[in-house]
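All remarks here apply to the structure that follows.
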């Protein structure tokens with residue numbers, strides 16, 4: 001599936017997030033028998049109760065962390081995102097990094113959120129216990145193109 | 001001069017961010033993983049400068065290597081850099097919401113390989129800087 005088609009399919013869900021504003025998202029509850037993939041969370045994400053959210057083609061959900069892991073449905077491309085608001089010294093900083101990927105059953109993913117010099121990045125990798133660094137690039141990850149006001 | 005002393009006294013010193021009193025202003029921290037990587041960071045407040053933050057973080061990485069009896073370590077500025085094994089010889093320190101903050105992924109090595117830093121050399125290089133800044137463990 002091309003990136004453009006993927007984004008067009010995700011757009012209604014993204015619009016729902018934007019229009020929903022501060023109302024919050026429903027918590028994702030897998031249906032009985034639903035095929036799931038596991039996302040292990042980096043320590044900075046694992047310390048949060050609702051570290052990440054995702055959208056499928058229809059709607060968006062918050063994900064609840066359990067023992068440093070999340071579970072997401074498999075079989076279709078999802079948009080994973082995080083919203084951060086930080087403040088201090090009369091300054092406020094906010095960001096909402098995102099990405100899309102296709103979760104596969106049985107695959108264990110590793111999610112990391114990094115904030116450096118007011119630039120934030122959400123990363124999703126495939127777990128690789130045999131490697132010293134423990135992870136590999138996840139081949140299905142795509143960036144979400146954004147239009148910036150200029 | 002009094003203002004400089006007051007402001008200097010407020011700046012984050014070299015200590016863990018876990019302490020009830022000193023940790024209030026920030027300090028160094030570590031988070032394990034993924035794999036053998038250790039994420040090492042230093043969170044300063046609005047009064048610490050970029051060079052001091054950089055020195056404290058480099059010193060802490062070397063200190064952790066020596067505590068583990070590893071003579072070498074390598075720094076990665078991001079997980080993609082770690083996967084590609086593109087070590088960094090220096091750090092990019094910046095502010096987040098007014099406070100100075102930086103972190104790095106560290107991999108400790110028993111034997112030298114290209115891209116490694118010498119833990120003993122790094123600790124010696126920044127020790128005098130830290131003592132001059134009044135850092136205390």
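The values are calculated or read from the model by the stated rules, or taken from the named source; none is laboratory data. All figures in this text were calculated on a predicted structure; none of them were measured in a lab. Cβ: placed from backbone, ideal geometry, glycine included. Neighbour counts: every protein chain shown.
Checking the conditions here, which among A:45, A:70, A:78 is out of contact with any helix residue (DSSP H, G or I) (no Cβ under 7 Å at 6 or more places or on another chain) and at pLDDT 95 or above?
Step by step, each of A:45, A:70, A:78 is checked, and only A:78 is out of contact with any helix residue (DSSP H, G or I) (no Cβ under 7 Å at 6 or more places or on another chain) and at pLDDT 95 or above.
Please give the number of the condition residue A:103 fails out of (1) buried (at least 18 other Cβ atoms within 10 Å of the Cβ); (2) closer than 17 Å to residue A:53 by Cβ; (3) touching a helix residue (DSSP H, G or I) at 6+ places or on another chain (Cβ under 9 Å).
Failed condition: (3).
Is there a residue being in contact with a strand residue (DSSP E or B) (Cβ under 6 Å, 6 or more places away or on another chain) and modelled with pLDDT of 95 or more anywhere in region A:89-97?
Checking region A:89-97: not a single residue is in contact with a strand residue (DSSP E or B) (Cβ under 6 Å, 6 or more places away or on another chain) and modelled with pLDDT of 95 or more.
Yes/no per residue for (1) away from chain A (no Cβ under 12 Å); (2) under 26 Å from residue B:112 (Cβ atoms); (3) modelled with pLDDT of 95 or more:
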site: B:36; (1), (2), (3): no, yes, yes
site: B:47; (1), (2), (3): no, no, no
site: B:50; (1), (2), (3): no, no, no
site: B:58; (1), (2), (3): yes, yes, no
site: B:63; (1), (2), (3): yes, yes, yes
site: B:66; (1), (2), (3): yes, yes, yes
site: B:77; (1), (2), (3): no, yes, no
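Of everything in region B:43-72, what is part of a loop (DSSP other than H, G, I, E, B), surrounded by fewer than 17 Cβ atoms within 10 Å (Cβ to Cβ) and under 15 Å from the mean Cα position of the chain (by Cα)? Give them in sequence order.
B:49
Going by the structure shown, is residue A:58 more than 15 Å from the chain's Cα centre (by Cα) and over 27 Å from residue B:102 (Cα atoms)?
yes
All but one of (1) exposed (fewer than 12 other Cβ atoms within 10 Å of the Cβ); (2) out of contact with any helix residue (DSSP H, G or I) (no Cβ under 7 Å at 6 or more places or on another chain); (3) more than 11 Å from every other protein chain (Cβ to nearest Cβ) hold for residue A:145; which doesn't?
Residue A:145 satisfies all of (1) exposed (fewer than 12 other Cβ atoms within 10 Å of the Cβ); (2) out of contact with any helix residue (DSSP H, G or I) (no Cβ under 7 Å at 6 or more places or on another chain); (3) more than 11 Å from every other protein chain (Cβ to nearest Cβ) except (2).
If residue B:40 satisfies every condition in (1) surrounded by 21 or more Cβ atoms within 10 Å (Cβ to Cβ); (2) in a helix (DSSP H, G or I) but one, which is the exception?
Status for residue B:40: all satisfied but (2).
Evaluate region A:111-134: report whether one residue or more is in a loop (DSSP other than H, G, I, E, B), touching a residue at least 12 places away in the same chain (Cβ under 8 Å), more than 15 Å from the chain's Cα centre (by Cα) and more than 8 Å from every other protein chain (Cβ to nearest Cβ).
No, region A:111-134 contains no residue that is in a loop (DSSP other than H, G, I, E, B), touching a residue at least 12 places away in the same chain (Cβ under 8 Å), more than 15 Å from the chain's Cα centre (by Cα) and more than 8 Å from every other protein chain (Cβ to nearest Cβ).
For region A:22-93, which strands (runs of 3 or more DSSP E) that fit wholly inside it have 3 or more residues that are surrounded by 18 or more Cβ atoms within 10 Å (Cβ to Cβ)?
It comes to A:36-41, A:52-55, A:60-63, A:69-73, A:78-81.
With the requirement that a residue be at pLDDT 85 or above and more than 10 Å from every other protein chain (Cβ to nearest Cβ), what does region B:82-107 give you?
B:86, B:87, B:88, B:106, listed by residue number.
If you take the residues of region A:135-150 that are assigned to a loop (DSSP other than H, G, I, E, B) and modelled with pLDDT of 95 or more, which of them is nearest to the chain's Cα centre (by Cα)?
A:141
Would you pick out the residues in region B:5-29 that are at pLDDT 75 or above and within 21 Å of residue B:127 (Cβ to Cβ)?
The answer is B:11, B:12, B:13, B:14, B:15, B:16, B:17, B:26, B:27, B:28, B:29.
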